[in-house]
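A.B. asks: Just passing along the structure, written as structure tokens.
The values are calculated or read from the model by the stated rules, or taken from the named source; none is laboratory data. Being a predicted model, the structure only gives us computed values, none of them experimental. Heads up, the Cβs are rebuilt from the backbone with ideal geometry, glycines too, and the neighbour counts pull from every protein chain shown.
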Amino acid sequence: MLNLIFTLIIVGITKVVLANPYWDPTKIPKDPVWPDFFHSHYFDDVPQMSLHGIDLMRIQLDWEEKKDKFSISAIIKESSGTSAWAARVKKTDEFGSYRGYLKDKKGNLLGYESIGTGSLFRKLTRALTFRLPIPSEPAIFELWGENPTSGKMELLLTEEVSGPTAEIKKIDGLEVRRLKAGESPVIVVNLYAEGFKKKYQEKFWETAQKVVETLKSTNFPMFEHFEIYGVFTESEEELGSPSELGFPVPERNSFLGLYYPYWIKFGRWYNVVYPTRESRFREGIGQVPYDYPIAIVDDNNYWGIGNYNEITAIPADSDSFRYLLLHEFGHFFGLNEEYEGGGPTELEFAKGISEPWSQNITFLFNLKSTGIKWKQYVEEATPIPTPTDIWKEKPKTYGAYRGGYADSEPRNHSHKPGFRCMMESGPEFCPVCREAIGDKIKRDLGIIGRY
């Protein structure tokens, strides 16, 4: 009875407490009228994808809360690699709050991957995962991460690894369909059914086509290179309502094991979902080759989640589906919140960080030596920081306007390029965010990037 009362209270106040998308759902764009996808033969003529990609090793590091330390818990062989993964895995970047390096004994880079946004990421996932090449001889794995207080990148772990010690457990009965072919070079975007019962399988495929149509109709950056697949298997458990399920956190018996992260008690845990077990989530998405995983959850509430290189998840039946998909997918590429109000975001960085790496917000640190991140869109005569009144002029003038970063600390430090972007509550991405997404995809295709 107490659990029921608690759930009703939580559901009742979600409209006034921050969600990862814009905190007031009445002020965001509503969906268009969708075509009848399923009955219009929208599916590709090639119904099945190859279930075998490039062999790699998935290194999982579990987080120990009491010591605030990581340790390698599993090294799994799986065939989830793509041609894009192979092209980018030996290139480093300056993004992600956690970075995994695989080096040979001489210090030469064998593989690299970065993941996660901000100081709460380790508490949300309680584990980190890196997909790296299988070394031909013993190699050194290094984990670097942002200090949760200062935000400075520091070495967290160094350990010798010899390769996988186990293989991925295959899930029987997967149905995989290609929804869109991509131009070469291809980036693989997989849409996973989460929390769907068998009887709702047709609804999942219809919703998957809404994803394709949304990305196409909004001219999403580099969309022509997206090869999109749907992946369905039945879940034993639906998402349900947010509730405290006790400790240790029970593993959710759904395809990807997602649930509301009550385990960290930040102010808006009931408006996002994260894996109850990182291993279950990764084993689910790793059944097939992938670059960008998107979970479509059988739910109709207003919520959504995106976190850098980890996850995008949205409710299938929300009447704000288009906005939620694009906004949360933006977070997957590293973009932060451009709205204010409603409380802190779980994408906040350490309070002592001088400048966040998210491409669309700045604390204006060290401005004289480096210039503003999006300086190519700022006219020389535009004052920095930029007074709000300048945005009211026509044409719109991009600058560094006070705002964004929700209500996260440090307060009154964040500045954003402009107003009414998709990363706030607008109908489309601003040029700054579009370019940031496009550059990230180019890095992921191995087109640009450092060695």
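A.B. asks: Which condition breaks for L157 when tested against (1) crowded, with 18+ Cβ neighbours inside 10 Å; (2) assigned to a strand (DSSP E or B); (3) in contact with a Phe, Trp or Tyr (Cβ under 6 Å, 6 or more places away or on another chain)?
C.D. replies: Checking L157 against (1) crowded, with 18+ Cβ neighbours inside 10 Å; (2) assigned to a strand (DSSP E or B); (3) in contact with a Phe, Trp or Tyr (Cβ under 6 Å, 6 or more places away or on another chain), the one that fails is (1).
A.B. asks: Restricting attention to strands (runs of 3 or more DSSP E) lying wholly within region 260-364, give those where 2 or more residues are of a type in the set (A, V, I, L, M) and in contact with a strand residue (DSSP E or B) (Cβ under 8 Å, 6 or more places away or on another chain).
C.D. replies: Numbers: elements: 292-297, 305-307, 311-315.
Correct list: 292-297, 311-315.
A.B. asks: Let me ask something else. Can you work out which of the residues in region 160-176 that are without any contact (Cβ under 8 Å) to a residue 40 or more places away in the chain and part of a loop (DSSP other than H, G, I, E, B) is nearest to E64 (Cα to Cα)?
C.D. replies: It comes out as S162.
A.B. asks: While we're looking at this one, here's another question. Go through region 50-71 and give me each residue that's of a type outside the set (D, E, K, R) and crowded, with 16+ Cβ neighbours inside 10 Å.
C.D. replies: Those that are of a type outside the set (D, E, K, R) and crowded, with 16+ Cβ neighbours inside 10 Å: G53, I54, L56, M57, I59, Q60, L61, W63, F70.
A.B. asks: On the given criteria, is A436 on the phi < 0 side of the Ramachandran plot and either of a type outside the set (S, T, N, Q) or free of Cβ contacts under 8 Å to residues at least 60 places away in the same chain (or both)?
C.D. replies: Numbers: on the phi < 0 side of the Ramachandran plot: yes; either of a type outside the set (S, T, N, Q) or free of Cβ contacts under 8 Å to residues at least 60 places away in the same chain (or both): yes.
Taking the combined requirement at face value, the residue satisfies it.
A.B. asks: A further question on this structure: What is the number of the single condition among (1) at pLDDT below 95; (2) more than 16 Å from K416 (Cβ to Cβ); (3) part of a loop (DSSP other than H, G, I, E, B) that K368 does not meet?
C.D. replies: (3)
Per-residue answers, yes or no, for (1) free of Cβ contacts under 8 Å to residues at least 12 places away in the same chain; (2) under 19 Å from the mean Cα position of the chain (by Cα):
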site: W303; (1), (2): no, yes
site: T312; (1), (2): no, yes
site: F333; (1), (2): no, yes
site: E340; (1), (2): no, no
site: G371; (1), (2): yes, no
site: I384; (1), (2): no, no
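A.B. asks: Next up: Residue check, F220 against (1) in contact (Cβ under 8 Å) with a residue 40 or more places away in the chain; (2) assigned to a helix (DSSP H, G or I), all met but one. Which one?
C.D. replies: (2)
A.B. asks: Residues T312, T345: which one is buried (at least 24 other Cβ atoms within 10 Å of the Cβ) and in contact with a helix residue (DSSP H, G or I) (Cβ under 9 Å, 6 or more places away or on another chain)? Lay out the reasoning, then the answer.
C.D. replies: Values: T345 fails: in contact with a helix residue (DSSP H, G or I) (Cβ under 9 Å, 6 or more places away or on another chain).
Testing whether each residue is buried (at least 24 other Cβ atoms within 10 Å of the Cβ) and in contact with a helix residue (DSSP H, G or I) (Cβ under 9 Å, 6 or more places away or on another chain) leaves just T312.
A.B. asks: In region 427-442, is there at least one residue being surrounded by fewer than 23 Cβ atoms within 10 Å (Cβ to Cβ), of a type outside the set (K, R) and touching a Ser or Thr at 6+ places or on another chain (Cβ under 7 Å)?
C.D. replies: Scanning region 427-442, I find at least one residue that is surrounded by fewer than 23 Cβ atoms within 10 Å (Cβ to Cβ), of a type outside the set (K, R) and touching a Ser or Thr at 6+ places or on another chain (Cβ under 7 Å), so the answer is yes.
A.B. asks: So is R122 under 23 Å from the mean Cα position of the chain (by Cα), in a strand (DSSP E or B) and charged (D, E, K, R) or not?
C.D. replies: no
A.B. asks: Condition first: more than 15 Å from F121 (Cβ to Cβ) and hydroxyl-bearing (S, T, Y). Now tell me which residues in region 313-354 satisfy that.
C.D. replies: Those that are more than 15 Å from F121 (Cβ to Cβ) and hydroxyl-bearing (S, T, Y): S318, S320, Y323, Y339, S354.
A.B. asks: Can you give me the number of residues within region 250-259 that are among the polar types (S, T, N, Q) and touching a strand residue (DSSP E or B) at 6+ places or on another chain (Cβ under 9 Å)?
C.D. replies: Residues meeting the conditions: 1.
A.B. asks: Continuing with the same structure: State which residue is surrounded by the fewest Cβ atoms within 10 Å (Cβ to Cβ) when the search covers only region 177-214 and only residues that are in a loop (DSSP other than H, G, I, E, B) and charged (D, E, K, R). Give the derivation first.
C.D. replies: Initial filter on region 177-214 (in a loop (DSSP other than H, G, I, E, B)): 181-186, 195-197.
Remaining after also requiring charged (D, E, K, R): 183, 197.
Details: E183: 11, K197: 15.
Selected residue: E183.
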